[in-house]
Amino acid sequence: MLEDNGSIRTLSVDIGGSGVKAIVLDITGTPVTERKRLDTPQPAKPETIINAIAVLASAQGEFHRVAVGFPGVVRCGVTETAANLDRDWIGFDLESALSQRLHKPVRVINDADMQGFGAVAGKGVELVITLGTGFGSALFVDGKLVPNMEMGHHPFRKGKTYEEQLGRAELEKIGEKRWNRRLDKAIASLQSLFNYDYLYIGGGEAVRVNLQLPLNVKLIPNITGLLGGIALWRN
Ligand code: BGC
């Protein structure tokens, strides 16, 4: 039996191309443990990543349910794409597998969607992009998510996608100055397409953004990816 609702704790997990992170949130979404991170195991197969999550979970104390952000399309707990992880993820029922492993109910959504829940104000058109190994994206209308929007694999410029032009591999190749110039172009392109009220930029590489940003564009801290986990259990 669970205690009263107020003491329900959620283990929030962010699976990334370079790191797997976890934290425990209270019922209001406030962290009650310190965020811990492990390098994403290689090869990044379902089994190795589930092992990493189990290790992180065992160091996080008590929790009653689990929220996971996964770097690919997720439908009904099944991972359908995994551009920066092993191909074994395609068609994998992560929700069931992790639930069996941790003996707790699990909900899984796309990592950028989860990050978005941690960032948006819930009014108007809000777009979220995440800059890390991959390029994540999430669109919200009055706080309601349009799920699995995969901007990263959409053409951006010169026959390349947003992820090919702005992902971490490209940042390392072309350096921060050129990468920032490209990002500036991407922001302009997204503004003209979505006419968003706000654009939030998160992910591990957001700290390398060095641009004069328009007033409706905000940088968000990487921990937002984990804070959004509470939204998966809101209803
Ligand atoms: C994936 C997205 C994910 C993004 C950030 C992309 O390669 O296709 O689903 O949100 O990386 O991790």
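The values are calculated or read from the model by the stated rules, or taken from the named source; none is laboratory data. No experiment lies behind these values; they were computed from the predicted model shown. Using ideal geometry, Cβ is built from the backbone for each residue, glycine included, and neighbour counts are taken over all protein chains shown.
Scan the stretch 123-133 and give yes if some residue there is out of contact with any strand residue (DSSP E or B) (no Cβ under 7 Å at 6 or more places or on another chain), in contact (Cβ under 8 Å) with a residue 40 or more places away in the chain and within 13 Å of the ligand (Cβ to nearest atom), otherwise no. Looking for residues that are out of contact with any strand residue (DSSP E or B) (no Cβ under 7 Å at 6 or more places or on another chain), in contact (Cβ under 8 Å) with a residue 40 or more places away in the chain and within 13 Å of the ligand (Cβ to nearest atom), one finds at least one in the stretch 123-133, hence yes. None of 29, 17 is outside any strand (DSSP E or B), within 16 Å of the ligand (Cβ to nearest atom) and under 16 Å from residue 225 (Cα atoms) except 17. Number of residues in the stretch 84-94 that are free of Cβ contacts under 8 Å to residues at least 24 places away in the same chain and touching a strand residue (DSSP E or B) at 6+ places or on another chain (Cβ under 6 Å) equals 1. For residue 183, are the conditions met, namely being outside the structural domain of residue 105 (by TED's automatic domain parsing) and in contact with a strand residue (DSSP E or B) (Cβ under 7 Å, 6 or more places away or on another chain)? Spelling it out, it is not the case that residue 183 is outside the structural domain of residue 105 (by TED's automatic domain parsing) and in contact with a strand residue (DSSP E or B) (Cβ under 7 Å, 6 or more places away or on another chain).
Does at least one position in the stretch 195-213 carry a residue that is outside the structural domain of residue 17 (by TED's automatic domain parsing), without any contact (Cβ under 8 Å) to a residue 40 or more places away in the chain, among the hydrophobic types (A, V, I, L, M, F, W, C) and outside any helix (DSSP H, G or I)? Yes. Among all residues of the stretch 106-121, there is none that is surrounded by fewer than 15 Cβ atoms within 10 Å (Cβ to Cβ) and farther than 20 Å from residue 140 by Cα. Put simply, of 53, 23, 49 the only residue that is farther than 19 Å from residue 227 by Cβ and either outside any loop (DSSP other than H, G, I, E, B) or among the small types (Gly, Ala, Ser) (or both) is 49. Can you tell me which of 81, 48, 30 is out of contact with any helix residue (DSSP H, G or I) (no Cβ under 9 Å at 6 or more places or on another chain), outside the structural domain of residue 146 (by TED's automatic domain parsing) and closer than 25 Å to residue 204 by Cα? Being out of contact with any helix residue (DSSP H, G or I) (no Cβ under 9 Å at 6 or more places or on another chain), outside the structural domain of residue 146 (by TED's automatic domain parsing) and closer than 25 Å to residue 204 by Cα holds for just one of 81, 48, 30, which is 48. Being outside the structural domain of residue 44 (by TED's automatic domain parsing), exposed (fewer than 15 other Cβ atoms within 10 Å of the Cβ) and at pLDDT 95 or above holds for only one residue in 172, 126, 150, and it is 172. One residue stands out among those in the stretch 65-100 that are of a type in the set (Ser, Thr, Tyr) and more than 12 Å from the ligand (Cβ to nearest atom): the one that is surrounded by the most Cβ atoms within 10 Å (Cβ to Cβ), which is 99.
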